[in-house]
Every structure is written in structure tokens, then in C-alpha cells.
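Here's the structure we're looking at; comments come further down.
The values are calculated or read from the model by the stated rules, or taken from the named source; none is laboratory data. In this text the structure is predicted, and so the values were computed from the model without any measurement. Note that we place each Cβ from the backbone using ideal geometry, even for glycine, and neighbour counts take in every protein chain shown.
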Amino acid sequence: MSDSGFNTELFLQLGREVLDQQPFSRLLGAELTHLRPGDAVLELALKDELKQQNGFAHGGVVSYLADNALTYAGGTAMRVPVVTSEFKINYVRPAQGERLIARAKAVSVGKSQSVCRCEVFAVLGHEETLCALAQGTITKMGDAPPG
């Protein structure tokens, strides 16, 4: 627990419980490794089943990781149930390595939505290589568009 009374470990545990409720996240093997209000890190071991024909992480896997990290960042910043209402991703280089790490931060937080940014890195040994950049709008559940 920090000086301000914020219990970092409890907050992370609650975030992990939410992740465990997502069947797709369990299927992929995603791990929430850091969580504070407006700040989230998701990681994923890059198994062969998650790669495309050239041996890179499939773009859908990279996109999933960015989307979920953005949602954690926005949701924890607003402290309400949320969904992603939109996001954009730029793949800057192929994701090759042993692991992927998505680091997301809320950059603008309001009552009903937050705008967040995410960087996705491929990790090989101790070296991290930026492979994607994403930005998304995370919306309070009651204000989410239908669909």
C-alpha cells in the first residue's frame, strides 16, 4: 500500500479477476502485469498458434492486446465499467519474439469517456522492439453506442 492509501496489489488482483472472466483472454494466455488508475500493462507469451505464416505475431493478436490494454487504462481512470467505442492501430514493424507487452495510459479522462494511447512491444531476450502504436476512446458502459 502506498502513502496515499492506494492498495496497488489489491487493484491489480481485481484487474486480474476481470481478465480471468474473459474467455478469449484466457484462450490467448494474456497476463495483466501492472495496473494503476489510467495505466495498464498486458503481456502475452508468443506461442506458435498466435503467429501468421511468416512467423510474426498475427495482427489480430497484436490488436487484441492493444485494445484490452487501452480498455484497462481508460476504465481504471474513470473507475466505471467501460467498453472500447473505437480504436486505431498502426503496425510499425513485424512483432517477432518470445513475448508481447502492451503498455497503455489514459491521456484525457472525462466523466463518460477517456482517450488512451498504447505501445505494443515484441520482446526477444531482454530487448524490446516497438511493433505497434494504438489510440482508442474508452466509453462508460451506459453511454456506449449499440452494437
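What the table below lists for this structure:
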| item | result |
| --- | --- |
| Flag for Thr84 being in a strand (DSSP E or B), modelled with pLDDT of 95 or more, among the hydroxyl-bearing types (Ser, Thr, Tyr) and closer than 23 Å to Thr137 by Cβ | yes |
| Scan of segment 19-41 for residues that are among the aliphatic types (A, V, I, L, M), in a helix (DSSP H, G or I), out of contact with any Ser or Thr (no Cβ under 9 Å at 6 or more places or on another chain) and surrounded by 16 or more Cβ atoms within 10 Å (Cβ to Cβ), ordered by number | Leu28 |
| Any chance Asn54 is within 21 Å of Glu128 (Cα to Cα), in a loop (DSSP other than H, G, I, E, B) and in contact (Cβ under 8 Å) with a residue 12 or more places away in the chain | yes |
| Every residue from segment 84-118 that is within 14 Å of Glu128 (Cα to Cα) and under 12 Å from the mean Cα position of the chain (by Cα) | Leu100, Ile101, Ala102, Arg103 |
| Search result, residues across segment 91-147 that are without any contact (Cβ under 8 Å) to a residue 40 or more places away in the chain, surrounded by fewer than 14 Cβ atoms within 10 Å (Cβ to Cβ) and among the hydrophobic types (A, V, I, L, M, F, W, C) | Leu124, Leu130 |
